[in-house]
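What follows draws every value from the coordinates through simple rules; no lab data is involved. Keep in mind the model is a prediction, meaning the values are calculated, not measured. As a convention, Cβ positions derive from the backbone with ideal geometry for all residues, glycine included, and neighbour counts pool all protein chains shown.
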Amino acid sequence: MAHNINGIITSFTYEGNLPNIVLLSNYHLLPFNSNDGMTSSENTISPYEDLTPSIREIIQGLSYNGKCAYIETAYFGGIGTQLSETWENGKIIEGPLISYDGIANKKDFENVKIVDGSINQALKNLGILSQERKDEFDTVGLGKYRSNRKIFEEYEKNQ
């Protein structure tokens, strides 16, 4: 089964106009769709598949309100990658981080650190503590979303 999501997670209540859902308490997820017009004509920033300069500008701006993280997953059948970076006060404070699951030949990118649980590390940076025998990813409920389409559907339902 595939798991492909990307977006910004805030450590504060997001009150802007971009589509978003509440993950846990004040933590919001702002998903991005590479076909939404904002990012479709832009090149992505390596090693990411979906992060563009426009999205990075949004993260940078939001990070003045509190810590934020960009996350991205690309899995099929339990094999894949996850990437993250954490921002605060307009600067990257950790990342890019990449994790490989079930991939023997790990690609080494310049200025990218290979770690176990890239997204869990970003969530810890935002202040998420794992609960009830779950990791940080499942503590905030990211495991229930297999694609950004599902996140956008939840956003629309709550409008």
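Just a few scattered comments:
- Unmet requirement for K124, which otherwise passes all of (1) closer than 27 Å to Y64 by Cβ; (2) of a type outside the set (D, E); (3) in contact with a strand residue (DSSP E or B) (Cβ under 6 Å, 6 or more places away or on another chain): (3)
- Selection count where residues are farther than 15 Å from Y70 by Cα and in a strand (DSSP E or B), scope region 80-112: 3
- Within region 97-118, the set of residues being surrounded by fewer than 11 Cβ atoms within 10 Å (Cβ to Cβ) and among the hydrophobic types (A, V, I, L, M, F, W, C) comprises just one member, A104.
- Selection within region 54-79 - farther than 21 Å from N148 by Cα and assigned to a helix (DSSP H, G or I): Q60, G61
- Taken residue by residue, region 52-64 has no member that is over 25 Å from Y155 (Cα atoms) and aromatic (F, W, Y).
- So N33, is it over 22 Å from S147 (Cβ atoms) and surrounded by fewer than 21 Cβ atoms within 10 Å (Cβ to Cβ): no
- Residue match in region 9-21 (condition: surrounded by fewer than 19 Cβ atoms within 10 Å (Cβ to Cβ), touching a residue at least 24 places away in the same chain (Cβ under 8 Å), out of contact with any Lys or Arg (no Cβ under 9 Å at 6 or more places or on another chain) and charged (D, E, K, R)): no
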